[in-house]
Every structure is written in C-alpha cells, then in structure tokens.
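The structure appears right after this line, and notes come after that.
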Amino acid sequence: ELQLILKLNPQITHGVRTKEDEFEFNKDAGMSVCKAGHLAIRKARTGKKSQGKNQKHTYYFDVEKCKVCPLREGCYKEGAKSKTYSISIKSTEHKEQEAFQNSEKFKMKAKSRYKIEAKNSE
C-alpha cells in the first residue's frame, strides 16, 4: 500500500548509450540493424529469470560482413569470433515505477520530499 517517491536511476530510464552508439530496430524483421545497414542474423533472450538482474535481448551479427564494413572502426574488434548487441528488458517493477514517476501525483509529492529527508538526517 506504500508508494515509493524516489526517481529511478537514469541508467534504467534512459539507458547508458549515446545516440551515436545506438543501433536501429527494424519492426518488420523484428531484428536490430547496425549503422552500416546490416541486419542481425539471430536474436536470443539472455540472462536468468528471477535472479535480481534484468534479462536482455541479444542480437547476433555476421562477422564476415563486419570484417569488410567501412564503419567497423570502434564497432568490430579484429579477430573477434562474434558480434553482438544487447538491449536490457525492463522488469515490470521498473516499468510501473517509471509510469508512476511521470504522473502528476509523483511530481507533487517529490517537491516536498526534500523537507522530510532534511528532518530525517537531523
């Protein structure tokens, strides 16, 4: 019955990658596409359920295409046997808290939180 009036870590809500490092998602194929336009060859869900860590969608790319790609600098390491790109799947708790965090009720209560925290630290 309690509601947490605390913002989620920005890494959870916004991610850690910059826009230049992100790959695009092709909705028709259901796969990720690299900056050079190469489509992933397979997709897998990695990570264990109920272990305290979020699972990930991992996309696997063809290394032979990466070896001759003009944009391989910083993307492909020479001699690598595989090229993957992973995207975290948010847990239901994180999704619910993010939705609550964007509500007006949360914003109103967050404004008065600093007063309570100051009194607690006293």
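The values are calculated or read from the model by the stated rules, or taken from the named source; none is laboratory data. Everything numeric in this text was worked out from a predicted model, so none of it was measured. Here the Cβ is made from the backbone with ideal geometry for all residues, glycine too, and neighbour counts use every protein chain on show. These area figures cover heavy atoms from the full protein model, side chains too; ligands, DNA and RNA do not enter into them. Shrake-Rupley method; radii C 1.70, N 1.55, O 1.52, S 1.80 Å.
Side notes on the structure shown:
- The set of residues from region 103-122 being open to solvent by less than 50 Å² (accessible area, probe 1.4 Å) and touching a residue at least 24 places away in the same chain (Cβ under 8 Å) comprises PHE106, ALA110.
- Restricting region 29-48 to residues that are surrounded by fewer than 13 Cβ atoms within 10 Å (Cβ to Cβ) and without any contact (Cβ under 8 Å) to a residue 24 or more places away in the chain, the residue that is nearest to ILE87 (Cα to Cα): ALA44
- In region 14-28, the residues that are modelled with pLDDT of 90 or more and either open to solvent by less than 80 Å² (accessible area, probe 1.4 Å) or within 12 Å of the chain's Cα centre (by Cα) (or both): ASN26
- Filtered by the rule that a residue be hydroxyl-bearing (Ser, Thr, Tyr) and open to solvent by 90 Å² or more (accessible area, probe 1.4 Å), region 49-75 gives a lone residue, SER50.
- Among the residues of region 50-91, the one identified as over 22 Å from GLY30 (Cα atoms) and in a helix (DSSP H, G or I) is LYS67.
- Screening GLN11 against (1) part of a helix (DSSP H, G or I); (2) loosely packed, with under 14 Cβ neighbours inside 10 Å; (3) in contact with a Lys or Arg (Cβ under 7 Å, 6 or more places away or on another chain) leaves a single unmet condition, (3).
- Candidate set from region 76-102 (those that are touching a strand residue (DSSP E or B) at 6+ places or on another chain (Cβ under 8 Å) and either acidic (Asp, Glu) or touching a residue at least 24 places away in the same chain (Cβ under 8 Å) (or both)); member that is least open to solvent (accessible area, probe 1.4 Å): TYR85
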